[in-house]
Amino acid sequence: MKSNSNNKVKVVFYLNSEDKEFIKSQCQILQIKPSFFIRNAVLEKLNKPVFTKKVLDLDTKKYQAFLIRIGNNLNQIAKKLNSNTKFLIIDQQAVLDDIENIKNHIIEINSKL
């Protein structure tokens, strides 16, 4: 019978509550699932290849929020530009300033990711 790497088998084991909480907290810090952590710990102990997961910068969520705000700002600018209303020179400068701020935020976010 052929072994298929996608053919997963469920394994059940028990931990005391302290060990379970310790594993859970470590997984939150590493931003991985407990099953991934335990599977790799067991495989490492058996001298099998260990898979690594890139740990994301903890500020990633902050930058995602910045990107969402930038998207909202761009949508507001586009809506105003497409509304066929007349722009005053001060409004045009405000739009240009907003676009420059958005560009600077994107550059900052990109440099930190």
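The values are calculated or read from the model by the stated rules, or taken from the named source; none is laboratory data. Bear in mind the structure is a predicted one, so any value in this text is a computation, not a measurement. Ideal geometry is used to build each Cβ from the backbone, glycine not excepted, and the neighbour counts take in all protein chains shown.
State whether the residues of the range 97-105 include one that is outside any loop (DSSP other than H, G, I, E, B), in contact with an Asp or Glu (Cβ under 7 Å, 6 or more places away or on another chain) and at pLDDT 75 or above. It would help to see each step written out before you state the result.
Restricting attention to the range 97-105, the residues satisfying the condition of being outside any loop (DSSP other than H, G, I, E, B) are 97-105.
Pick out the ones that are also in contact with an Asp or Glu (Cβ under 7 Å, 6 or more places away or on another chain) and you get none.
So far as the range 97-105 goes, no, none of its residues is outside any loop (DSSP other than H, G, I, E, B), in contact with an Asp or Glu (Cβ under 7 Å, 6 or more places away or on another chain) and at pLDDT 75 or above.
Does the range 37-56 contain at least one residue that is loosely packed, with under 13 Cβ neighbours inside 10 Å, on the phi > 0 side of the Ramachandran plot, assigned to a loop (DSSP other than H, G, I, E, B) and modelled with pLDDT under 85?
Yes, the conditions are met somewhere in the range 37-56.
Quick check on the range 15-36: of everything there that is surrounded by 12 or more Cβ atoms within 10 Å (Cβ to Cβ) and among the β-branched types (Val, Ile, Thr), which residue is modelled with the lowest pLDDT?
In this case the residue turns out to be ILE32.
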